[in-house]
Structures are given as C-alpha cells and as structure tokens.
Amino acid sequence: MNPSFSSYLINDVFGDPGVYVEVRWSKRALLFDLGHNEGLGPTRLLRAGEIFVSHTHMDHFIGFDAVLRVALGRGKTLRLFGPPGLIDNVQGKLRGYTWNLVDGYPLTIVVWEFHKGERRQATFLASNGFQQPEHTHHLAQQLDDPLFTVMEDPIFTVKAVALNHRIPSFAYVLEEQFHINVNKQRLHEAGLRVGAWLKDVKQHIWQGRPDDFRFTVALYDEHRRAEQEFMLGEVKERFLTISRGQKIAYVVDVRYDEENEAKIVALARGADVFYCESPYLDCDAGLLNNRVVD
C-alpha cells in the first residue's frame, strides 16, 4: 500500500520541534508547529496551507515570520489552528511590522482558536494592512470532550487534545478517513491506463457519492482522447481496495501527570507514527515525577 502521508521532523532531534506532512499526489502539506523552519525552504513552506500550533512558546512559534515572509504577495490563504490566545499572538506578530505597501497583496490569514465549548475565528487581510479583524464565535458542544475535531477534510481529519503545560498545549492526531489503493494489474487487464482520471474517482469516493453514481472521464491512448462512462460501484469493485487510513500523532511540551498520560495514550492509540518530544533518557525516568517537560 502506498501511503497517502509522508511525514518527517522539520529539524534534528535537538532542534525546535515540528513535523511536516506531505499529502502525496496533491502538492499540499500540513505543518505541525512553527518553530525554526527555514530549512524547509520557500517551496515546502508555501505548500503548507494548514498549520497546527501546539502553543506559542518561542521554540514553537518563532517560525511564523518565515511562513509570513514567503506567503506575502502570493494568492494564498493560510489557516492556523491552536489553543486559546492564538488570535492575539498572531495579531501581535503582525503588529510588529509596518504594512503601508501591501494594499494590493492577496494574502489572507485565518486563525481558529479552540476553547472549551467554543471555537473562535479571526481573519487578517493584507489588503487592509492586517487591521484589527472581526472575531466570530461558534458554540461547539463537541469541544467539551477531551478529544475534539479541529479540521475536517474529505480525505482526513485533524483532532486535538488540550494538555497541561501550565498553559494549554495542544497535541494533535491526523487521521486519514480511509485509504484507497488502485490495482494497476487489473486496470492493465481491462485495457485502462493509470492517469489523472483516478484522482477524480477518489474524489467521488471521498465526497460520499453513491455506488450508482455515473461519471464520464477523458482517457488518452497514444495522444488520442476518448471519453468513457463509468459507474462508481463497479470501479470500486473491480479496481480499488479500500482499507483503514493512516494515523499520525504529535505530542510536545506537557507536564507529566496521570491525566496528561491518559489523554496522550487515548490520542496515540492505533497510530502508525507517533512523534513525542522528550528531553529525558530511559535512565532518567525517575526524574519525571512532578516535573514540567519542556
């Protein structure tokens, strides 16, 4: 099975925390935390349209400036998700600069912060010099649960849990809804080629189209274009295998106590990859009691 997500640390194990997740075949990426990240380079930073912030201590947020700099002047929307106070922190960053020459810039920054039972949103526009945005508040009963949904996409969901770091520090889990694998051998036997049309098929499945949904795709053979109609259920049965999706968990700065431990175990259960920050070796386990992990 070819994985849908390719993830790796932004820095080495002694650098600022952060994980970069490439969504394969889509020129799209997700970024977990905003520590020092210039090593990613402009291209990869620009692909990261959704950014999930654990908390805004310097080693988790100083990289906001690098993302902002490469995104200015681009027709792009940045979406940030994180704990209470994130809106004010982003606004404070933006107020540190002078914006009298950006009125024609199309950059939009949308920030969501999550409180118990409530989700707050603010939108910052380069076109008005990132002036004070209007806040919107949305009541959300699900945010009373320890593990709550931060973002939903047809392909995946991102959920979070608030951990105690003397402030809320969010841990995240990225979970693919389900995985779609194409049987290339069966396609070949049916006289069909692998191509962009299969992305359309996957989109139909992710969007929840019924099995009797009919669609027409353009197929190419030696520079000849032909249209062919398919029924989604038949394509699924003949050429696709649908299985459990990938799961990636990300946990950083937390106080070590029983409540945090239980939340982390629940978050990471069943994960294919688990990123967990810790400055302690196994031989230092006895030092963990009543200590703050930074």
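Fewest first, what order do TYR275, TYR8 take by the number of other Cβ atoms within 10 Å?
Least to most surrounded, the residues fall as TYR8, TYR275.
Using DSSP loop states and a limit of at most 12 other Cβ atoms within 10 Å to flag GluC sites (Glu not before Pro), what is the longest stretch of the chain containing no flagged site?
1-133
Which whole-number percent of Cα pairs in the stretch 38-161 have a distance greater than 21 Å?
41 percent
Mind checking the full-extension length gain between LEU219 and THR157? Use 0.36 nm per residue of separation minus the Cα-Cα distance, one decimal, nm.
19.1 nm
With springs connecting C-alpha atoms under 10 Å apart, model the chain as a Gaussian network and identify which of PHE239, PHE130, PHE14 has the largest mean-square fluctuation.
Residue with maximal mean-square fluctuation among PHE239, PHE130, PHE14: PHE14.
Which far-off residues, 5 or more places away or on another chain, put their amide H under 5 Å from the one on ARG28, with H placed in the peptide plane?
VAL23
Could you tell me what % of all Cα pairs in the chain have separations over 38 Å?
More than 38 Å apart: 23 percent of the Cα pairs in the chain.
Could you work out the local net charge near ASP88, counting Lys and Arg as +1, Asp and Glu as -1, over the other residues with Cβ closer than 11 Å to its Cβ?
+2
In the Gaussian network model of the chain, springs joining C-alpha atoms below 10 Å, which of GLY18, GLY82, GLY92 carries the largest mean-square fluctuation?
GLY92
At what distance in angstrom do the alpha carbon centres of the stretch 142-213 and the stretch 258-276 lie from each other?
Centre-to-centre (Cα) distance: 20 Å.
Just to confirm the filter: which trypsin sites (Lys or Arg not before Pro) across the stretch 5-93 are DSSP coil and have at most 16 other Cβ within 10 angstrom of their Cβ?
ARG24, LYS27, ARG74, LYS76
Arrange ASP153, ASP12 by Cβ neighbour counts within 10 Å, fewest through most, would you?
ASP12, ASP153
Can you work out the FRET efficiency for the pair HIS115 and ASP272, with r the C-beta to C-beta distance and R0 = 41 Å, to the nearest 0.05?
The computed FRET efficiency comes out at 0.85.
The numbers here are math on the coordinates, done by the rules we state, and not lab data. The model shown is predicted, which means the values in this text are computed figures rather than measured ones. Here the Cβ is made from the backbone with ideal geometry for all residues, glycine too, and neighbour counts use every protein chain on show.
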